[in-house]
1. Mind checking segment 31-69 for chymotrypsin sites (Phe, Trp or Tyr not before Pro) that DSSP puts in a loop (not H, G, I, E or B) and that have at most 11 other Cβ atoms within 10 Å?
2. Using 0.36 nm times the number of residues separating residue 144 and residue 30, minus their current alpha carbon distance, what extension gain do you get?
3. Select from segment 118-166 those trypsin sites (Lys or Arg not before Pro) which occupy a DSSP coil region and have at most 13 other Cβ atoms within 10 Å, ordered by residue number.
4. So which trypsin sites (Lys or Arg not before Pro) in segment 62-106 end up in coil per DSSP with only 14 or fewer other C-beta atoms within 10 Å?
5. Taking the Cα centre of the chain as the origin and placing charges on Cβ (Lys, Arg +1; Asp, Glu -1), which of 65, 140, 15 is farthest toward the positive end of the dipole?
6. Quick one: Karplus J couplings for segment 152-164, per residue in order, coefficients 6.51, -1.76, 1.60, θ = phi - 60°, nearest Hz, x for Gly and Pro?
7. If you place +1 on the Cβ of every Lys and Arg, -1 on the Cβ of every Asp and Glu, and leave all else neutral, what size is the dipole of the chain about its Cα centre, to the nearest 20 Debye?
8. Can you compute the charge dipole magnitude of segment 23-106 about its Cα centre, using +1 on each Lys and Arg Cβ and -1 on each Asp and Glu Cβ, nothing else charged? Give it in debye, rounded to the nearest 20.
Amino acid sequence: MSSDINLLIKEDVKLLKHKKRVKMFRAVVLGSLVMVLMISGAIYTLNQRFSSSSIKKDQDSFLNQILNFRKKEAKLTIVNNRINNISNVLDKRIDSYRIVSTLLGKVPDGISVDNLEFSEKTIVINVSSETLRPIDDFINNLIDMAERKEIINALILNSLDVSEVGEYSVSINAGLI
């Protein structure tokens, strides 16, 4: 018997090698295609996320938010300035209630206060009476207040008048502390 007889059909070795190469080539091509698709998808996603139009939209959004905060800052600055100005005015304001109540507390019976004018540094008081005694007491009370530096620090007698009916009137200018 001959050993050359082969009962199994052997395919050509070259053909098998060729099929193996084709399978391998197809696998490499398919893998490369999948890799290219994944890289393309990643690049597309990154491009959409970080594109100039997307960045421009984000920039506009942030600028609008900053603009809103600037408007709020401007409003708060105006409100704070107004509050500070009101506080300054209140601090510099004359406590007229205390001054008037103290001065009127020093007015003796028999005197009527005809006029009371305030300015920043002075008070002008016009009083009248039928006799000079209550006017003398009132002037002495004001002199005591000026000596103690209680509300007033200086007195000036502007006028002393007698009317035709015998009523006396006095105008006094007092300097405020």
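Values in this text are rule-based calculations from the coordinates and carry no lab data. Treat the numbers as computed from the prediction; the structure is a model and nothing was measured. Using ideal geometry, Cβ is built from the backbone for each residue, glycine included, and neighbour counts are taken over all protein chains shown.
1. Numbers: sites: 44, 50, 62, 69; in loops: 50.
Taking segment 31-69 and a limit of 11 other Cβ atoms within 10 Å, the loop chymotrypsin sites (Phe, Trp or Tyr not before Pro) found are 50.
2. On the way: separation 114, 0.36 × 114 = 41.04 nm, distance 11.25 nm.
So the chain would gain 29.8 nm between residue 144 and residue 30.
3. On the way: sites: 121, 148, 149; in loops: 121, 149.
Loop-located and lightly packed - 121, 149.
4. Details: sites: 70, 71, 72, 75, 82, 92, 93, 98, 106; in loops: 93, 106.
Passing sites in segment 62-106 are 93.
5. Ranked along the dipole, the leading option is 15.
6. 10, 10, 8, 10, 10, 8, 6, 7, 9, 10, 10, 7, 5
7. In total the dipole reaches around 3940 debye.
8. Values: 14 positive and 5 negative charges, 23 e Å.
It comes to approximately 120 debye.
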